[in-house]
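Visitor: Here it is, the structure in full.
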Amino acid sequence: MSKKSDQQPKTARHPITRAALEQAIAEVVKASGTDCEGFVGVIVERMNPVPPEGANWTLRGARFGKSNRELCAAALADCVTEKQLAFELSD
């Protein structure tokens, strides 16, 4: 006999538009340090989640501008992992 909690997804993702998600990710990266203030933004792409409960988007690209690429890439990786657990694309 299965429990009701086993059938529900463990994380409830909130819907967000592509533009709002791209802006939110860029703001987090820019705020991660003074070397990342020149970060321009990211491009988010919709995809079919591999596991059914997975995120329906992925990072397609990043525009680093004149920022420190290594520091921004580390901040970006952490941010994307966090945002994929919290949001799903609604558009």
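Quick note: the coordinates plus some simple rules give every number you see, no bench work behind them. Predicted, not measured: the structure shown is a model, and the values here were computed from it.
Visitor: Counting alpha carbon pairs within less than 8 Å and at least 6 residues apart, what relative contact order, in whole percent, applies to the chain?
Guide: 37
Visitor: A further question follows. So between Glu45 and Leu85, what do we pick up on full extension, going 0.36 nm a residue minus the alpha carbon distance?
Guide: Computed gain between Glu45 and Leu85 is 12.8 nm.
Visitor: Check which residues have an amide H placed less than 5 Å from Phe87's amide H, if you skip close sequence neighbours.
Guide: Amide H to amide H, under 5 Å and 5 or more residues apart or across chains, Phe87 pairs with His14.
Visitor: Which one is right for this structure if Cα extents along the principal axes in Å is calculated from it: (1) 41, 34, 22; (2) 61, 36, 10; (3) 56, 23, 19?
Guide: Computed from these coordinates, Cα extents along the principal axes in Å corresponds to label (3).
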